[in-house]
Each structure stands twice: as structure tokens, then as C-alpha cells.
Amino acid sequence: MIGLILLAAAAIAAAAPLPKAAIPEGKRFLVIQPHHDDHTTDYGMGGLIAKLVDAGYDGWFIRASNDEKDGAWGYPHNDMINQRESEAAIAILGMKGLYSLGWRNDYMDPTPLLELRAQIILLIRKHRPDVVLGHDPWGHYDRNPDHRKVARACAEAVWMAGLRNVHPEHIELGLEPWRVPHQFLKARVDYGRGHEANVAVELTQAHVARKMKAYSAHRNVYAHPSMARSVRQQLAARGLKAPELDRKTDEEAAVAIEEWHMDWISRKRGTENGLRYAEIFYYLGEFDHLPGLTGYLRDNVVKR
Ligand SMILES: [Zn+2]
């Protein structure tokens, strides 16, 4: 039995690095997520967003929920704080704007799928993104109902936005159908059987620094001073201290601890894939459902 366990551990340790993703040619991207912080979480995409912006892309964040339950305040107060902090985070990452659709946080199961999907189709046709970032709707069970709902609506919208007969009222308003060529999808590694990523996106230290700052902009839910107090107390109980935290207030120490975590996870994903820093995604290209065509184009296309 021990031998089997060791063999399994060796197989995990020897997992092949994921192929490195290239940044697609393009001009615009949309990040379509339920919550105010989903674009910056530790399993998220703040690094890829910073990289797309540096490559010349314009990006917008669509936040489906009102985040009323995220934070220690009452519902309207949480909604307002989370909106403000989300705006601060997208400014740090260099994105152009934020849409808050205002569906009720953690209660999105009864949200009408068709209405949510229609909103996303409208925004895809308005912005005509070359790249969409979101949760992986085919990933293993995500216990967050908002993640499941928005991921499904997004996958359907990405396909249907290209069909002229879907929501013809958008066409009457002057919009045109739009096919999204590239998707980078994420999922938590610690829910169910985890995330089945197929690419690694290489990040620089500067991308990670912006990702860290954007993440800790969400002070209503992260980097709370009580977290740093608790770490100090636990160390003190064992007769220990972290000298680097000594001259920091509890709030500054909490930010530093969150930033160490973000640096650590970005380095870990990098090391696993032969890079210094990375994020991992399930990438879908425009013709991935037609592998024969993809192979033919790769081998036969020439310059005109
Ligand atoms: Zn979320």
C-alpha cells in the first residue's frame, strides 16, 4: 500500500508542465464573473488581465452579482463598498470600466438564465471582445451557486452572440452578431476534483505586483486587521515572531500577508510549469470544436 501511495505521489510530482499560452492577437477583452473580487482571487486571472492590458488590449469587467453578502456590513452598505473596491481593482489592473448587473449575491439559482444570458449577449455584441475570461462551466462541481450560474450563462452567450436570429432586437438597435474567438476559463483547484487546466500563462514580476495590489484593494473581504492580529497571537503563543511584520500596523501586516500569499501561488503555478510566475487556465480557441479544421489550417494556410 505504501508503495502504491509513493507511486501516486511520484506521478503527481512528475506531472508534465502545461503548454505555454500565447496572448492572442486582438484589441478588446471582457471579464464575465459573478462577484466583485473574482477577477483578482488567488486562483483568478489578475495576472492575465494585466498582461492583456500591457499587450494593448482594452478590457471591461462584467460583475453579475450585487455582492450584498460579501463583508461585515448590511446588504446595501456591502453592495456600495464592494462596488467601489471593484472599481479600484480594475483601475489598478488597467481596465476601462465595470458593469454591475445587480443580481442577488449567493441567491442566483432562481435568477432567470435567459435574462442573464441576454444581458451578456448584449454586452458581447456591444464590445465585440477578442478574448473572454470567466469561470469554467465544465469544471468539476463549484459549490458557489453564482459561479455555476454565471459560468453557464457566459458559455451560452459566447456561442449565441454570433447568431443573428438570437435576440434580433439587438440587431434592430444597430448591434451586429459577434463570435468570440478566444476564452480563458478558470476554476478552483480545491473544490471537488479541481481544475483541469490546459495552458499556463507566463507572468512577469510586474504583472504579479499589480495582481497583488488589485486583490488587496478588496479590503471589505480581504486583508482584515484581525487576521494579522490572530497570526501575531498564534506566533507569540509559541514564543515566535515575524520580524518583517514588527513595524507594521495590523492593517499593513494583513496586506503584507495577503500579498505574500498571492506571490506564493503565482510562483507555485510558475514552478509547476517551468516558469517563474504563472496562472493556469482552460483555454478554448475558435475552432477547438473542429480539430480537423484546426489541423488543416495549421498545416496549409499561407500568406495572401
Ligand atoms: Zn466569486
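The values are calculated or read from the model by the stated rules, or taken from the named source; none is laboratory data. Quick caveat, the model's predicted, so the values are computed rather than measured. Cβ sites come from the backbone with ideal geometry, for glycine too, and all protein chains shown count toward neighbours.
Conditions (1) assigned to a loop (DSSP other than H, G, I, E, B); (2) under 22 Å from the mean Cα position of the chain (by Cα), marked per residue:
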site: MET227; (1), (2): no, no
site: ARG232; (1), (2): no, no
site: LYS241; (1), (2): yes, no
site: VAL255; (1), (2): no, yes
site: TRP260; (1), (2): no, yes
site: LYS268; (1), (2): no, yes
Among the residues of segment 59-78, the number that are of a type outside the set (A, V, I, L, M) and within 15 Å of the ligand (Cβ to nearest atom) is 10
Contact list please: Cβ distance under 7 Å, first residue in segment 50-71 and at pLDDT below 95, second residue β-branched (Val, Ile, Thr), pairs at least six apart or on different chains. ASP70/VAL221; GLY71/ILE81; GLY71/VAL221
Tabulated pairs, segment 161-179, first assigned to a loop (DSSP other than H, G, I, E, B), second surrounded by fewer than 11 Cβ atoms within 10 Å (Cβ to Cβ), C-beta under 7 angstrom, 6+ apart or interchain: PRO177/ARG164
When you scan segment 134-187, how many residues do you find that are within 16 Å of the ligand (Cβ to nearest atom) and among the acidic types (Asp, Glu)? 3
When segment 99-136 is examined, which residues are found to be farther than 26 Å from ILE171 by Cβ, in contact (Cβ under 8 Å) with a residue 40 or more places away in the chain and out of contact with any Phe, Trp or Tyr (no Cβ under 8 Å at 6 or more places or on another chain)? ASN105, ASP106, MET108, ASP109, HIS135
Could you count how many residues in segment 167-195 are of a type outside the set (Lys, Arg) and loosely packed, with under 14 Cβ neighbours inside 10 Å? 9
Quick one: ARG232 ticks every box in (1) at pLDDT below 90; (2) of a type in the set (Lys, Arg); (3) surrounded by 13 or more Cβ atoms within 10 Å (Cβ to Cβ) bar one, so which box is it? (1)
Can you name the residue in segment 21-41 that is closer than 10 Å to ILE62 by Cα and near the ligand (Cβ under 7 Å from one of its atoms) and, of all such residues, is surrounded by the most Cβ atoms within 10 Å (Cβ to Cβ)? PRO34
Checking the structure you have, find out if any residue of segment 211-222 is in contact with a helix residue (DSSP H, G or I) (Cβ under 8 Å, 6 or more places away or on another chain), assigned to a helix (DSSP H, G or I) and surrounded by fewer than 18 Cβ atoms within 10 Å (Cβ to Cβ). no
Failed criterion for GLN119 (all others in (1) in a helix (DSSP H, G or I); (2) within 13 Å of the ligand (Cβ to nearest atom); (3) touching a strand residue (DSSP E or B) at 6+ places or on another chain (Cβ under 7 Å) hold): (2)
Checking SER86 against (1) among the polar types (S, T, N, Q); (2) over 28 Å from ASP263 (Cβ atoms); (3) part of a helix (DSSP H, G or I), which test does it fail? (2)
Any chance LEU284 is within 28 Å of GLY71 (Cβ to Cβ), at pLDDT 90 or above and not in a helix (DSSP H, G or I): no
Is one or more of the residues making up segment 108-121 within 12 Å of ILE62 (Cα to Cα) and in contact with a Leu (Cβ under 8 Å, 6 or more places away or on another chain)? yes
